[in-house]
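The values are calculated or read from the model by the stated rules, or taken from the named source; none is laboratory data. Everything quoted here is computed from the prediction, not taken from an experiment. Note that we place each Cβ from the backbone using ideal geometry, even for glycine, and neighbour counts take in every protein chain shown.
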Amino acid sequence: MDIPIFQVDAFAKKQFAGNPAAVCPLKAWLPDATMQAIAAENNLAETAFFVREGAGFRLRWFTPTLEVDLCGHATLAAAYVLFEYLRYKKDEIAFESRSGTLKVARDGKRLSLDFPVIKLERSGAPPQLIEGLGTQPLEVFKAMDYMVVLASEDDVLGVQPAWEPLAQSTGRGVNVTAAGKKVDFVSRFFAPAAGINEDPVTGSAHCMLTPYWAQRLGKKSMRAQQLSQRGGELWVKLKGDRVLIAGEVKPYLKGTITVPPKA
(Lines give C-alpha, C1' and ligand atoms only; values in the text may rest on other atoms or scores of the structure.)
Protein backbone atom coordinates (compact mmCIF):
# COMPACT_ATOMS: atom_id res chain seq x y z
CA MET A 1 0.00 0.00 0.00
CA ASP A 2 1.44 3.33 -1.11
CA ILE A 3 0.78 6.52 0.89
CA PRO A 4 1.79 10.00 -0.29
CA ILE A 5 4.03 11.99 2.03
CA PHE A 6 5.05 15.62 1.99
CA GLN A 7 7.53 17.41 4.23
CA VAL A 8 7.47 21.20 4.58
CA ASP A 9 8.99 23.86 6.84
CA ALA A 10 6.29 25.75 8.76
CA PHE A 11 6.64 29.25 10.23
CA ALA A 12 9.69 29.68 8.02
CA LYS A 13 10.72 32.59 5.79
CA LYS A 14 13.27 30.35 4.05
CA GLN A 15 13.89 26.66 3.56
CA PHE A 16 15.74 24.82 6.37
CA ALA A 17 14.21 27.14 8.99
CA GLY A 18 11.01 26.98 11.00
CA ASN A 19 9.57 23.63 12.05
CA PRO A 20 9.59 20.68 9.64
CA ALA A 21 6.43 18.58 9.56
CA ALA A 22 5.43 15.54 7.56
CA VAL A 23 1.92 15.34 6.09
CA CYS A 24 0.20 12.16 4.89
CA PRO A 25 -3.15 12.58 3.08
CA LEU A 26 -5.22 9.40 3.50
CA LYS A 27 -8.32 8.03 1.78
CA ALA A 28 -9.23 6.17 4.99
CA TRP A 29 -7.66 5.91 8.43
CA LEU A 30 -4.79 3.51 8.98
CA PRO A 31 -4.54 1.60 12.27
CA ASP A 32 -3.28 3.86 15.05
CA ALA A 33 -0.20 1.68 15.49
CA THR A 34 0.70 2.14 11.81
CA MET A 35 0.37 5.91 11.99
CA GLN A 36 2.47 5.95 15.15
CA ALA A 37 5.10 3.79 13.44
CA ILE A 38 5.21 6.16 10.45
CA ALA A 39 5.66 9.13 12.79
CA ALA A 40 8.45 7.33 14.62
CA GLU A 41 10.13 6.47 11.32
CA ASN A 42 9.87 10.09 10.14
CA ASN A 43 11.44 11.20 13.45
CA LEU A 44 10.10 14.73 13.11
CA ALA A 45 8.37 16.71 15.83
CA GLU A 46 5.00 15.97 14.21
CA THR A 47 3.49 13.92 11.40
CA ALA A 48 -0.03 14.97 10.40
CA PHE A 49 -2.61 12.63 8.86
CA PHE A 50 -5.91 13.79 7.41
CA VAL A 51 -8.99 12.22 5.80
CA ARG A 52 -11.78 14.04 4.00
CA GLU A 53 -14.89 14.29 6.18
CA GLY A 54 -17.97 16.04 4.82
CA ALA A 55 -17.07 19.47 3.48
CA GLY A 56 -13.79 19.51 5.40
CA PHE A 57 -11.19 17.14 6.80
CA ARG A 58 -10.40 15.32 10.03
CA LEU A 59 -6.83 15.89 11.20
CA ARG A 60 -4.63 13.96 13.64
CA TRP A 61 -1.06 14.58 14.80
CA PHE A 62 1.61 12.16 16.03
CA THR A 63 4.99 12.84 17.58
CA PRO A 64 7.57 10.03 17.34
CA THR A 65 6.14 8.59 20.58
CA LEU A 66 2.47 9.60 20.96
CA GLU A 67 -0.65 11.21 19.50
CA VAL A 68 -1.28 14.81 20.65
CA ASP A 69 -4.43 16.90 21.07
CA LEU A 70 -3.24 20.03 19.29
CA CYS A 71 -0.39 21.00 16.98
CA GLY A 72 -0.03 24.33 15.20
CA HIS A 73 2.84 23.90 12.77
CA ALA A 74 1.62 20.54 11.44
CA THR A 75 -1.87 22.03 10.92
CA LEU A 76 -0.28 24.85 8.93
CA ALA A 77 1.67 22.19 7.00
CA ALA A 78 -1.46 20.13 6.26
CA ALA A 79 -3.24 23.23 4.92
CA TYR A 80 -0.23 24.09 2.75
CA VAL A 81 -0.28 20.58 1.23
CA LEU A 82 -3.99 20.94 0.45
CA PHE A 83 -3.61 24.41 -1.06
CA GLU A 84 -0.37 23.92 -2.98
CA TYR A 85 -0.17 20.23 -3.87
CA LEU A 86 -3.76 18.96 -3.81
CA ARG A 87 -5.21 22.14 -5.35
CA TYR A 88 -7.87 22.85 -2.74
CA LYS A 89 -9.87 25.70 -4.30
CA LYS A 90 -11.39 27.58 -1.36
CA ASP A 91 -9.48 30.20 0.66
CA GLU A 92 -10.22 28.55 4.00
CA ILE A 93 -9.98 24.94 5.19
CA ALA A 94 -11.84 23.52 8.18
CA PHE A 95 -10.19 20.65 10.06
CA GLU A 96 -12.03 18.64 12.70
CA SER A 97 -9.73 17.51 15.50
CA ARG A 98 -9.47 16.49 19.14
CA SER A 99 -9.42 20.24 19.89
CA GLY A 100 -12.57 21.02 17.92
CA THR A 101 -12.83 22.78 14.57
CA LEU A 102 -9.58 24.42 13.43
CA LYS A 103 -9.60 26.73 10.43
CA VAL A 104 -6.68 27.76 8.24
CA ALA A 105 -7.03 30.66 5.79
CA ARG A 106 -4.86 32.25 3.15
CA ASP A 107 -3.36 35.51 4.44
CA GLY A 108 -1.33 36.93 1.56
CA LYS A 109 1.89 34.92 1.38
CA ARG A 110 1.18 33.52 4.85
CA LEU A 111 -1.32 31.01 6.14
CA SER A 112 -3.28 31.87 9.28
CA LEU A 113 -4.46 29.39 11.91
CA ASP A 114 -7.63 30.07 13.91
CA PHE A 115 -7.09 28.26 17.23
CA PRO A 116 -8.82 28.36 20.63
CA VAL A 117 -7.30 30.35 23.48
CA ILE A 118 -5.78 28.08 26.12
CA LYS A 119 -6.58 29.51 29.54
CA LEU A 120 -3.72 29.73 32.01
CA GLU A 121 -3.74 29.19 35.74
CA ARG A 122 -1.00 30.59 37.92
CA SER A 123 1.03 27.72 39.35
CA GLY A 124 3.87 26.85 41.60
CA ALA A 125 6.99 25.47 39.96
CA PRO A 126 7.80 21.82 40.73
CA PRO A 127 11.41 21.47 41.96
CA GLN A 128 12.24 19.24 38.99
CA LEU A 129 11.02 21.96 36.61
CA ILE A 130 13.41 24.48 38.17
CA GLU A 131 16.18 21.88 38.08
CA GLY A 132 15.44 21.08 34.46
CA LEU A 133 15.52 24.73 33.35
CA GLY A 134 18.38 25.73 35.61
CA THR A 135 16.90 29.18 36.22
CA GLN A 136 14.47 30.92 38.57
CA PRO A 137 11.27 32.10 36.82
CA LEU A 138 9.43 35.36 37.39
CA GLU A 139 6.05 33.66 36.92
CA VAL A 140 4.81 30.13 36.27
CA PHE A 141 1.48 29.14 34.71
CA LYS A 142 -0.06 25.76 33.95
CA ALA A 143 -2.45 24.65 31.23
CA MET A 144 -1.83 21.99 28.59
CA ASP A 145 1.85 22.79 29.19
CA TYR A 146 3.76 24.85 31.72
CA MET A 147 4.53 28.44 30.76
CA VAL A 148 7.53 29.97 32.51
CA VAL A 149 8.15 33.71 32.25
CA LEU A 150 11.77 34.86 32.45
CA ALA A 151 13.25 38.31 32.87
CA SER A 152 14.74 38.84 29.41
CA GLU A 153 15.31 37.48 25.93
CA ASP A 154 18.90 36.73 26.91
CA ASP A 155 17.63 34.57 29.76
CA VAL A 156 15.46 32.59 27.34
CA LEU A 157 18.43 32.08 25.01
CA GLY A 158 20.60 31.08 27.96
CA VAL A 159 18.45 28.17 29.18
CA GLN A 160 20.40 24.90 28.99
CA PRO A 161 17.84 22.23 29.82
CA ALA A 162 18.43 19.06 31.80
CA TRP A 163 16.14 16.67 29.94
CA GLU A 164 15.45 14.01 32.57
CA PRO A 165 13.99 16.29 35.28
CA LEU A 166 12.04 18.21 32.61
CA ALA A 167 10.53 14.99 31.28
CA GLN A 168 9.50 13.99 34.80
CA SER A 169 7.91 17.32 35.71
CA THR A 170 6.23 18.87 32.67
CA GLY A 171 3.55 16.60 31.24
CA ARG A 172 3.66 17.40 27.52
CA GLY A 173 6.13 20.27 27.73
CA VAL A 174 7.16 23.71 28.95
CA ASN A 175 7.31 27.14 27.32
CA VAL A 176 9.90 29.64 28.44
CA THR A 177 9.15 33.19 27.35
CA ALA A 178 10.16 36.83 27.77
CA ALA A 179 9.63 40.19 26.11
CA GLY A 180 11.60 40.48 22.87
CA LYS A 181 14.21 42.98 21.77
CA LYS A 182 13.10 43.28 18.10
CA VAL A 183 9.74 41.49 18.36
CA ASP A 184 6.98 41.67 20.95
CA PHE A 185 7.86 38.41 22.68
CA VAL A 186 10.12 35.41 22.31
CA SER A 187 9.91 31.82 23.47
CA ARG A 188 11.41 28.34 23.44
CA PHE A 189 9.55 25.07 23.91
CA PHE A 190 10.87 21.86 25.47
CA ALA A 191 8.95 18.56 25.38
CA PRO A 192 11.25 15.64 26.26
CA ALA A 193 8.31 13.65 27.67
CA ALA A 194 6.71 13.74 24.19
CA GLY A 195 9.89 12.66 22.43
CA ILE A 196 10.92 16.19 21.37
CA ASN A 197 13.71 17.75 23.40
CA GLU A 198 13.36 21.22 21.84
CA ASP A 199 10.64 21.94 19.32
CA PRO A 200 11.80 24.35 16.58
CA VAL A 201 8.48 26.28 16.41
CA THR A 202 5.35 25.52 18.42
CA GLY A 203 2.14 27.00 17.04
CA SER A 204 -0.09 25.58 19.79
CA ALA A 205 2.09 27.18 22.48
CA HIS A 206 1.03 30.58 21.15
CA CYS A 207 -2.53 29.83 22.24
CA MET A 208 -1.14 30.39 25.76
CA LEU A 209 1.55 32.95 24.96
CA THR A 210 -0.68 35.31 22.96
CA PRO A 211 -3.33 36.09 25.61
CA TYR A 212 -0.64 36.52 28.28
CA TRP A 213 1.42 38.97 26.21
CA ALA A 214 -1.66 40.74 24.85
CA GLN A 215 -2.66 41.61 28.41
CA ARG A 216 0.86 42.45 29.54
CA LEU A 217 1.75 44.59 26.50
CA GLY A 218 -1.72 46.06 25.97
CA LYS A 219 -1.96 45.08 22.30
CA LYS A 220 -3.95 42.49 20.34
CA SER A 221 -1.67 42.02 17.31
CA MET A 222 1.95 41.03 17.89
CA ARG A 223 5.01 39.59 16.21
CA ALA A 224 6.67 36.65 17.93
CA GLN A 225 9.88 34.70 17.48
CA GLN A 226 10.78 31.22 18.68
CA LEU A 227 14.48 31.12 19.53
CA SER A 228 15.30 27.54 18.58
CA GLN A 229 18.36 26.72 16.51
CA ARG A 230 16.25 26.72 13.32
CA GLY A 231 14.22 29.73 14.45
CA GLY A 232 10.65 30.63 13.62
CA GLU A 233 8.57 33.75 12.96
CA LEU A 234 4.90 34.10 13.84
CA TRP A 235 2.33 36.88 13.61
CA VAL A 236 -0.37 36.49 16.25
CA LYS A 237 -3.64 38.22 17.05
CA LEU A 238 -5.98 37.80 20.02
CA LYS A 239 -9.59 37.75 18.79
CA GLY A 240 -11.99 37.10 21.66
CA ASP A 241 -11.54 33.49 22.75
CA ARG A 242 -9.56 32.66 19.59
CA VAL A 243 -5.95 33.19 18.57
CA LEU A 244 -4.94 33.84 14.95
CA ILE A 245 -1.44 32.51 14.28
CA ALA A 246 0.09 33.27 10.89
CA GLY A 247 3.31 32.23 9.24
CA GLU A 248 4.92 31.23 5.98
CA VAL A 249 5.53 27.67 4.77
CA LYS A 250 8.34 26.48 2.53
CA PRO A 251 8.30 23.17 0.58
CA TYR A 252 11.00 20.57 1.01
CA LEU A 253 10.08 17.00 0.03
CA LYS A 254 7.34 14.91 -1.57
CA GLY A 255 7.34 11.15 -2.02
CA THR A 256 5.65 7.84 -1.27
CA ILE A 257 5.63 5.56 1.76
CA THR A 258 5.18 1.85 1.12
CA VAL A 259 3.32 0.21 4.00
CA PRO A 260 2.69 -3.57 4.18
CA PRO A 261 -1.06 -4.35 4.08
CA LYS A 262 -1.06 -5.73 7.63
CA ALA A 263 1.24 -3.06 9.14
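Sort through ASP9, ASP2 and tell me the only one that's buried (at least 24 other Cβ atoms within 10 Å of the Cβ), touching a strand residue (DSSP E or B) at 6+ places or on another chain (Cβ under 8 Å) and among the acidic types (Asp, Glu). Reasoning before the result, please.
Numbers: ASP2 fails: buried (at least 24 other Cβ atoms within 10 Å of the Cβ).
Among ASP9, ASP2, only ASP9 is buried (at least 24 other Cβ atoms within 10 Å of the Cβ), touching a strand residue (DSSP E or B) at 6+ places or on another chain (Cβ under 8 Å) and among the acidic types (Asp, Glu).
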Considering each residue of segment 192-236, count those that are within 20 Å of GLU46 (Cα to Cα) and hydroxyl-bearing (Ser, Thr, Tyr), and give that number.
3
Please specify each residue of segment 54-84 satisfying the condition of being among the hydrophobic types (A, V, I, L, M, F, W, C) and not in a strand (DSSP E or B).
ALA55, LEU66, LEU70, CYS71, ALA74, LEU76, ALA77, ALA78, ALA79, VAL81, LEU82, PHE83
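Is there a residue being of a type in the set (Ser, Thr, Tyr), buried (at least 24 other Cβ atoms within 10 Å of the Cβ), within 16 Å of ILE118 (Cα to Cα) and in contact with a Gly (Cβ under 6 Å, 6 or more places away or on another chain) anywhere in segment 191-203?
Filtering segment 191-203 down to residues of a type in the set (Ser, Thr, Tyr) leaves 202.
With the extra rule that they be buried (at least 24 other Cβ atoms within 10 Å of the Cβ), the set shrinks to 202.
Now drop any that are not within 16 Å of ILE118 (Cα to Cα), which leaves 202.
Now drop any that are not in contact with a Gly (Cβ under 6 Å, 6 or more places away or on another chain), which leaves none.
No; the residues of segment 191-203 include none that is of a type in the set (Ser, Thr, Tyr), buried (at least 24 other Cβ atoms within 10 Å of the Cβ), within 16 Å of ILE118 (Cα to Cα) and in contact with a Gly (Cβ under 6 Å, 6 or more places away or on another chain).
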Regarding segment 38-53, can at least one residue be identified that is in a helix (DSSP H, G or I), acidic (Asp, Glu), surrounded by fewer than 21 Cβ atoms within 10 Å (Cβ to Cβ) and touching a residue at least 12 places away in the same chain (Cβ under 8 Å)?
no
Yes or no: LEU138 at pLDDT 95 or above, under 26 Å from ASP155 (Cα atoms) and either touching a strand residue (DSSP E or B) at 6+ places or on another chain (Cβ under 6 Å) or not assigned by TED's automatic domain parsing to the domain that holds TRP213 (or both)?
yes
Could you tell me whether segment 121-128 includes any residue that is closer than 12 Å to ASN175 by Cα and assigned by TED's automatic domain parsing to the domain that holds GLN225?
no
Restricting to segment 160-185, name every residue that is surrounded by 18 or more Cβ atoms within 10 Å (Cβ to Cβ), modelled with pLDDT of 95 or more and more than 17 Å from HIS206 (Cβ to Cβ).
PRO161
Please pick out the residue among GLU164, GLU198, GLU153, GLU233 that is acidic (Asp, Glu), more than 30 Å from PRO127 (Cα to Cα) and assigned by TED's automatic domain parsing to the domain that holds GLY134.
GLU233
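Considering only segment 85-96, state which residues are over 17 Å from ILE245 (Cα atoms) and part of a strand (DSSP E or B).
In the first step, residues of segment 85-96 are kept if they are over 17 Å from ILE245 (Cα atoms); the result is 85-90, 96.
Within segment 85-96, just GLU96 meets the criteria.
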Restricting attention to segment 102-146, report how many residues are assigned to a strand (DSSP E or B) and of a type in the set (A, V, I, L, M, F, W, C).
8
